[in-house]
Structure formats: structure tokens, C-alpha cells
Amino acid sequence: MKKLALIYNPFSGDRTFKGELDVYTAALQAAGFLLQPFRLDGSLDLGGFVAQIRNFDAVAVAGGDGTVNSVINQMVARDVLLPLAIIPSGTANDFARFIGMNIGAQGFADAVSSGNVILADIGQANDKYFVNVCGAGLFTHVSQKVNENMKTTLGKMAYYVKGLEEIPSFHPMSVRITNSKSVQELDIFLFLALNTAGTGGFPKLAPTASISDGLLDFVAIKACNIVDLGRLFIKILRQDFLGDPNILHFQDNFVQVELLSPNPNYDTCDIDGEYGPKLPVTISNIHKKIPLIVPEGFA
């Protein structure tokens, strides 16, 4: 019988996964797996648990992007690179959705038992790793400012409500952006370095993104007036914005972002919905680092 470590966050999203735990356990046991659960509650040593499962066959994690981020950072730090399967149960499940893992308990058990594993890229921002996105500026810290009760009640809508509150007081960021081909100095509202196609309810910010091409998609919104910003968001919703003059977009495996003038409210990166390093930040792609369990048919 194969051994599977199941790490779950009972506080993610609408907090219903703990009620689904038995359904997933039954499906996985029927598929021939012996489960070792680990409940994340902020007081237990996730790193110590990860270090103890080297001889397991795979790791499953139930939670949102932030929970997945925590697990992957511990796996990479301890070189415990077991095949990883994701159960999307958080408010933001952008990475799991991109790889098609929103398939329910039986679909999840089928994917894990199929052994369909790819080697996936991850990002690195200074000394932290991310699976989906690293960014800074307008809207990027919304997930930390929304309290848990608001997330539970409103779900993803809570992010939009909180994000709108930022616009009147936001001051553009003066930055220097360096990649492997150029150096640019400009004022921006925000930047995102994406490993997948989207984040924050915008699934097609980088429509050609791949998690195994060795590249990150870098998207920045240049400082513009409120009318142009409104038009730009409409284009983003329509998924036809990449040619807009107020958008900077490129693909690369390296980018550095530096602040040219102090902006203390927006000098810290967000990585997968969690606080990351302060600017300046050097962001790189680590090619095919994580063995990732995906459904059959995922390209």
C-alpha cells in the first residue's frame, strides 16, 4: 500500500474542507493509499513534518495558494521533492485551477493513483519560493488585509471590495525593471511575475503561460489617469489588454525590480497571497523543480 501525506488547512476558504476530509480519505483509501494527515493550525511544525516523510510516495495538500506556497517552501528547503497533489479548498486557488485539479474527491483520487506526474517550474523571489505569482503595488496586498471572517462570508468578492478601497490613496511606484535584455525606469501601479496564466480572479493575464517552459510572464500596469485605468481594467476582463500602451509585458527567466523613491506602503512583495521579501527583489524561474501530480490530459 502506498503512503500519502495529507496536509490540510482547516481555515482555508469557507472552512468546509474539514467536513470533506472523510470523503477524500475514503476515495484515497479505496485507491490503495495509506494516509498520514497533518492539520495546519499555525502552532505545529510543518517543516518538521515535511522532513519526516522522505520515504512516503506522495504529498497531498488541501488549501489555497498560500497553503500550497508554505508546503512547497518547506519541501524545497529540505529537499523533500515528493510528487505533490493539490486539493483546492482556499479562497484563492489559482494554481490548482490552472492545472485542472478542481475535480472533486474521486477525480483527485484517480489523478493521484494514475501516477501522472510532470516536472513543474516554480519562482524564486530573493530567498522565498512561489508557485503562482510574485507582485507588488496596487491590489497585491489585499489578501493580507481581508480578515478571515470576511473571506468566509464573501469569498473572492472580499478581495475586490478591499481592493477598491486602495485606489483613492494609492501613489504610483517609481521603479527600475531589469531583465536579461533591457533596463527600464518608469512609474507603475503594480507588477506581477506570473508562473501561471492568472491571479486574483483574472485567469488570462498571461494567456500563453506554461509551468514547464522555464519562463515567467512579467506584467506591469504603468501609471496612468483614472479614466485610462478604468478602460484598461475593462480590457483585462475582455482579455485583450496585452497590446495596450499602459501595459508592460515580457517573458524571461530573470527580472529585478528596484524602488527609485521610497514608497513604504508598497515596498513589500506578495507571493501567492502571503507577505514576501521587501524591494528590491530579484525574481527567477527554477525550471522543472517540483514533481506535480496532474489530471490525465493536462498539457
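The values are calculated or read from the model by the stated rules, or taken from the named source; none is laboratory data. Note that the structure is a prediction, hence the values are computed from the model and not measured. Using ideal geometry, Cβ is built from the backbone for each residue, glycine included, and neighbour counts are taken over all protein chains shown. Quick note on the areas: whole protein, heavy atoms, side chains included, nothing else; ligands and nucleic acids left out. Shrake-Rupley method; radii C 1.70, N 1.55, O 1.52, S 1.80 Å.
Just checking, which of ASP94, ASP45 is over 17 Å from ASN132 (Cα atoms) and acidic (Asp, Glu)?
Numbers: ASP94 fails: over 17 Å from ASN132 (Cα atoms).
The unique qualifying residue is ASP45.
With respect to ALA120, determine if the residue is at pLDDT 95 or above, within 17 Å of ASN9 (Cβ to Cβ) and either in contact with a strand residue (DSSP E or B) (Cβ under 6 Å, 6 or more places away or on another chain) or of a type in the set (Gly, Ala, Ser) (or both).
Working: at pLDDT 95 or above: yes; within 17 Å of ASN9 (Cβ to Cβ): no; either in contact with a strand residue (DSSP E or B) (Cβ under 6 Å, 6 or more places away or on another chain) or of a type in the set (Gly, Ala, Ser) (or both): yes.
Judged against the criteria, ALA120 is not a match.
I'd like to check which helices (runs of 4 or more DSSP H) are fully inside the stretch 39-137 and have at least 2 residues that are closer than 24 Å to VAL257 by Cα.
Values: elements: 46-51, 65-77, 94-98, 104-114.
Where helices (runs of 4 or more DSSP H) fall fully within the stretch 39-137 and carry at least 2 residues being closer than 24 Å to VAL257 by Cα, they are 65-77, 94-98.
Of the residues ASN69, ASN55, only one is at pLDDT 95 or above and open to solvent by 20 Å² or more (accessible area, probe 1.4 Å); which?
Numbers: ASN69 fails: open to solvent by 20 Å² or more (accessible area, probe 1.4 Å).
Residue meeting the stated conditions: ASN55.
Here is a check on your reading of the model: is ASP41 over 15 Å from LEU292 (Cβ atoms) and either surrounded by fewer than 19 Cβ atoms within 10 Å (Cβ to Cβ) or aliphatic (A, V, I, L, M) (or both)?
On the way: over 15 Å from LEU292 (Cβ atoms): yes; either surrounded by fewer than 19 Cβ atoms within 10 Å (Cβ to Cβ) or aliphatic (A, V, I, L, M) (or both): yes.
So ASP41 passes the test.
Which residue, of LEU215, LEU186, LEU190, is in contact (Cβ under 8 Å) with a residue 12 or more places away in the chain and open to solvent by less than 20 Å² (accessible area, probe 1.4 Å)? Walk me through how you get there before you give the answer.
Details: LEU215 fails: open to solvent by less than 20 Å² (accessible area, probe 1.4 Å); LEU186 fails: open to solvent by less than 20 Å² (accessible area, probe 1.4 Å).
Sole residue among the options that is in contact (Cβ under 8 Å) with a residue 12 or more places away in the chain and open to solvent by less than 20 Å² (accessible area, probe 1.4 Å): LEU190.
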Practice task
Just give me the residues in the stretch 267-299 being among the acidic types (Asp, Glu), touching a strand residue (DSSP E or B) at 6+ places or on another chain (Cβ under 9 Å) and surrounded by fewer than 24 Cβ atoms within 10 Å (Cβ to Cβ), in sequence order.
Solution key: ASP267, GLU274
Fill in the blank from the handout: The condition from (1) open to solvent by less than 50 Å² (accessible area, probe 1.4 Å); (2) over 17 Å from ILE177 (Cβ atoms); (3) at pLDDT 85 or above that LEU229 misses is numbered (3)
Handout entry: Exclusive hit being buried (at least 23 other Cβ atoms within 10 Å of the Cβ) and not polar (S, T, N, Q), set ALA92, ALA105, ALA77
Key = ALA92
Practice task
Hey, can you tell me all the residues within the stretch 206-261 that are touching a Pro at 6+ places or on another chain (Cβ under 9 Å) and aliphatic (A, V, I, L, M)?
Solution key: ALA223, LEU242, VAL257, LEU259
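Look through ILE236, ILE221 and report the one residue that is in a helix (DSSP H, G or I) and open to solvent by less than 50 Å² (accessible area, probe 1.4 Å).
Step by step, each of ILE236, ILE221 is checked, and only ILE236 is in a helix (DSSP H, G or I) and open to solvent by less than 50 Å² (accessible area, probe 1.4 Å).
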Handout entry: Evaluation of ILE7 against (1) part of a helix (DSSP H, G or I); (2) closer than 17 Å to SER89 by Cβ; (3) not hydroxyl-bearing (Ser, Thr, Tyr) (one fails), failing number
Key = (1)
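Can you tell me which residue within the stretch 259-276, out of those that are among the polar types (S, T, N, Q) and part of a loop (DSSP other than H, G, I, E, B), is farthest from the chain's Cα centre (by Cα)?
Of all residues in the stretch 259-276, those among the polar types (S, T, N, Q) come to 261, 263, 265, 268.
When the remaining residues are screened for being part of a loop (DSSP other than H, G, I, E, B), the result is 261, 263.
On the way: SER261: 28, ASN263: 24 Å.
Top of the filtered list is SER261.
Please work out if GLY48 is open to solvent by 30 Å² or more (accessible area, probe 1.4 Å) and either free of Cβ contacts under 8 Å to residues at least 12 places away in the same chain or under 21 Å from the mean Cα position of the chain (by Cα) (or both).
Details: open to solvent by 30 Å² or more (accessible area, probe 1.4 Å): no; either free of Cβ contacts under 8 Å to residues at least 12 places away in the same chain or under 21 Å from the mean Cα position of the chain (by Cα) (or both): yes.
Considered against the rule, which asks whether it is open to solvent by 30 Å² or more (accessible area, probe 1.4 Å) and either free of Cβ contacts under 8 Å to residues at least 12 places away in the same chain or under 21 Å from the mean Cα position of the chain (by Cα) (or both), GLY48 comes out as no.
Check the stretch 110-121 and report whether any residue there is of a type outside the set (Val, Ile, Thr) and over 17 Å from ALA60 (Cα atoms).
If we filter the stretch 110-121 for residues that are of a type outside the set (Val, Ile, Thr), which is where we start, we get 110-111, 113-116, 119-121.
Then drop every residue that is not over 17 Å from ALA60 (Cα atoms), which leaves 121.
There is at least one residue in the stretch 110-121 that is of a type outside the set (Val, Ile, Thr) and over 17 Å from ALA60 (Cα atoms).
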